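Undergrad: To start, I am sharing the structure in question, which I have written as structure tokens.
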Amino acid sequence: MKKSLIKKITAFVGVFAMSLGLLSGCGSSSGSASKGGKIMIIGTDTDDAYRKLLIDAIKSEGESAGVTIDDQECGNDVEKQAEAARKAVSGGYSAIICRLADASTAPQIELAAGDLPVIYVNNQPDDSALKADKYVYVASNEEDCGRMQAEYVMKKVNKKEMNIIILEGEKGHSATIQRTEANKNTFKREGVTVHILFQDYCNWTDTEARHKLDLFFKTNQSVDAILCNNDTMALGAVQALEDNGLDPSQIPVTGVDATADGCKSISEGKMGFTAFQNAKGQAKKAVEVASALGNGKSIKGIKGVTKDLKYGYVPFEAVDSSNVSKYM
């Protein structure tokens with residue numbers, strides 16, 4: 001096939017900054033990627049362990065799909081992301097993958113993208129901004145990992161009334177909101193009364209988690225469990241417990257992502273639980289969906305795609321001491 005006939009696919013991945021581990025990709029019964037083309041990763045910020053894994057996985061999966069990977073920095077700048085979307089139109093690309101710097105700006109990105117399909121990753125826009133076979137969100141279902149955390153805590157603590165701490169990620173981030181709400185809703189649904197002694201944003205970092213919990217523990221309040229929106233904050237919580245003479249093996253600490261450090265902590269009997277978020281699976285799904293839509297196909301039939309054709313999910317997996325070796 002002549003190069004002039006090969007469709008180009010641009011993957012616009014906005015600012016990346018959260019924590020996660022790699023898994024195997026998910027297959028599909030239709031809508032597979034066409035060979036050839038270009039994928040551009042836009043606005044990458046790899047300070048966060050998970051997002052770096054996701055970026056690297058997108059590059060790898062793009063290469064496996066036979067497309068060229070380009071990389072352009074937008075930082076956490078919404079205007080630069082919109083400008084990048086406009087360049088995708090003028091540059092002849094056929095699809096965009098975007099990690100939104102601000103989830104509320106999806107309409108601006110879609111306006112800038114013209115007729116191009118947009119595949120969002122890692123930061124979920126409102127459902128109203130999604131459209132079947134046009135604007136699609138590819139990720140793992142955040143409610144599942146929040147539910148898994150609460151279920152683990154209920155099993156370990158085994159009380160109908162307990163004192164907990166919740167450490168949240170980035171304010172306004174879709175994962176922060178959905179994971180935290182799922183924690184609370186699961187306890188409520190199971191008839192467990194929880195007293196939230198402390199809840200605050202720690203921006204996905206261990207340093208903020210450790211510092212804020214060091215201050216909290218000076219109140220000498222008794223805590224039954226600590227639920228964290230990611231592994232990095234959970235590791236900070238473990239350190240804070242140890243700093244204050246408390247045993248993390250007796251106070252369950254839960255995270256999300258199954259990072260290498262998180263799994264190591266579980267294997268050492270410190271962190272209790274994490275939910276494996278499949279960076280490689282999400283990357284493969286994003287490239288697959290972008291390829292299908294960019295080539296004028298429907299994503300119906302692709303594994304993990306919802307009936308409304310607006311979401312493509314890669315499942316979370318529960319990780320504790322019984323199976324952590326599988327993820328290390």
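Undergrad: Determine the pairs where a residue that is touching a residue at least 24 places away in the same chain (Cβ under 8 Å) and polar (S, T, N, Q), located within the stretch 159-181, has a partner that is open to solvent by 40 Å² or more (accessible area, probe 1.4 Å) and assigned to a helix (DSSP H, G or I) with Cβ atoms under 6 Å apart, the partner being 6 or more residues away or on another chain.
TA: Gln178/Glu143
Undergrad: Enumerate the strands (runs of 3 or more DSSP E) found wholly within the stretch 258-328, keeping only those where 1 or more residues are closer than 30 Å to Leu246 by Cβ.
TA: 274-276, 317-319
One line per residue, one yes/no per condition, for (1) at pLDDT 85 or above; (2) over 29 Å from Thr274 (Cβ atoms); (3) open to solvent by less than 20 Å² (accessible area, probe 1.4 Å); (4) touching a Leu at 6+ places or on another chain (Cβ under 8 Å):
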position: Ala17; (1), (2), (3), (4): no, no, no, no
position: Gly21; (1), (2), (3), (4): no, no, yes, yes
position: Ser30; (1), (2), (3), (4): no, yes, no, no
position: Ser34; (1), (2), (3), (4): no, yes, no, no
position: Asp47; (1), (2), (3), (4): no, no, no, no
position: Leu53; (1), (2), (3), (4): no, no, no, yes
position: Lys87; (1), (2), (3), (4): yes, yes, no, no
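Undergrad: Filter the strands (runs of 3 or more DSSP E) completely within the stretch 124-218 down to those with at least 1 residues that are open to solvent by 50 Å² or more (accessible area, probe 1.4 Å) and at pLDDT 95 or above. Working first, answer last.
TA: Working: elements: 135-139, 161-168, 193-201.
In the stretch 124-218, the matching strands (runs of 3 or more DSSP E) lie at 161-168, 193-201.
Undergrad: All but one of (1) closer than 18 Å to Gln282 by Cα; (2) touching a residue at least 24 places away in the same chain (Cβ under 8 Å); (3) in contact with a Phe, Trp or Tyr (Cβ under 7 Å, 6 or more places away or on another chain) hold for Ala150; state the number of the condition that does not hold.
TA: Going through (1) closer than 18 Å to Gln282 by Cα; (2) touching a residue at least 24 places away in the same chain (Cβ under 8 Å); (3) in contact with a Phe, Trp or Tyr (Cβ under 7 Å, 6 or more places away or on another chain) one by one, Ala150 breaks only (1).
Undergrad: Let me ask something else. Limited to the stretch 78-101, what total is found for residues that are without any contact (Cβ under 8 Å) to a residue 40 or more places away in the chain and not basic (Lys, Arg)?
TA: Restricting attention to the stretch 78-101, the residues satisfying the condition of being without any contact (Cβ under 8 Å) to a residue 40 or more places away in the chain are 78-80, 82-83, 86-87, 89-90.
Remaining after also requiring not basic (Lys, Arg): 78-79, 82-83, 89-90.
Residues in the stretch 78-101 being without any contact (Cβ under 8 Å) to a residue 40 or more places away in the chain and not basic (Lys, Arg): 6 in total.
Undergrad: Which residues, taken from the stretch 124-161, are more than 18 Å from the chain's Cα centre (by Cα), farther than 15 Å from Gly312 by Cβ and among the basic types (Lys, Arg)?
TA: Listed by number, the residues that qualify are Lys155, Lys156, Lys159, Lys160.
Undergrad: Among the residues of the stretch 251-264, is there at least one that is free of Cβ contacts under 8 Å to residues at least 40 places away in the same chain, of a type in the set (A, V, I, L, M), under 25 Å from Val324 (Cα atoms) and open to solvent by less than 10 Å² (accessible area, probe 1.4 Å)?
TA: yes
Undergrad: Okay, next question. Please work out which one of (1) in contact (Cβ under 8 Å) with a residue 60 or more places away in the chain; (2) of a type outside the set (Ser, Thr, Tyr); (3) open to solvent by less than 10 Å² (accessible area, probe 1.4 Å) is the condition Val223 fails and give its number.
TA: (3)
Undergrad: Keeping to the stretch 99-116, report how many residues are out of contact with any Pro (no Cβ under 9 Å at 6 or more places or on another chain) and open to solvent by less than 10 Å² (accessible area, probe 1.4 Å).
TA: The qualifying residues number 2.
Undergrad: Filter the stretch 307-319 for residues that are within 27 Å of Gly255 (Cα to Cα) and open to solvent by 40 Å² or more (accessible area, probe 1.4 Å) and give the result.
TA: Within the stretch 307-319, Tyr313, Pro315, Glu317, Ala318 meet the criteria.
The values are calculated or read from the model by the stated rules, or taken from the named source; none is laboratory data. As the structure is a prediction and not an experimental result, all values here were calculated from the model. Glycine gets a Cβ as well: all are built from the backbone with ideal geometry, and neighbour counts include every protein chain shown. Side chains included, ligands, DNA and RNA excluded: accessible areas come from the protein's heavy atoms. Shrake-Rupley method; radii C 1.70, N 1.55, O 1.52, S 1.80 Å.
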